[in-house]
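The values are calculated or read from the model by the stated rules, or taken from the named source; none is laboratory data. Just so you know, these numbers come straight off a predicted model, no measurement behind them. Cβ placement follows ideal geometry from the backbone for every residue including glycine, while neighbour counts extend to all protein chains displayed.
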């Protein structure tokens with residue numbers, strides 16, 4: 001199994017240009033994964049709302065609920 005330390009050590013062997021390209025590639029991949037996760041959350045919320053598992057609330061109601069939970 002490859003560890004995080006192995007990956008860091010391998011990245012140290014790259015040229016500066018390759019390291020910069022790797023960073024840019026990873027930033028794009030992380031952003032894409034974050035967008036995919038957000039989209040999945042949105043679809044789940046839509047499905048919950050459509051099925052009646054979630055209801056519409058006002059901002060004030062939501063903030064009150066958050067305050068009670070903390």
When residue 14 is run through (1) assigned to a helix (DSSP H, G or I); (2) surrounded by 10 or more Cβ atoms within 10 Å (Cβ to Cβ), the failure sits at (1)
Is it the case that segment 17-32 has a residue that's in contact with a helix residue (DSSP H, G or I) (Cβ under 9 Å, 6 or more places away or on another chain) and modelled with pLDDT under 95?
no
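Listed here are the residues, each with its yes/no results for (1) touching a strand residue (DSSP E or B) at 6+ places or on another chain (Cβ under 7 Å); (2) exposed (fewer than 10 other Cβ atoms within 10 Å of the Cβ); (3) in a loop (DSSP other than H, G, I, E, B); (4) touching a residue at least 60 places away in the same chain (Cβ under 8 Å).
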position: 7; (1), (2), (3), (4): no, no, no, no
position: 27; (1), (2), (3), (4): no, no, no, no
position: 33; (1), (2), (3), (4): no, no, no, no
position: 41; (1), (2), (3), (4): no, no, no, no
position: 45; (1), (2), (3), (4): no, no, no, no
position: 53; (1), (2), (3), (4): no, no, yes, no
position: 60; (1), (2), (3), (4): no, yes, no, no
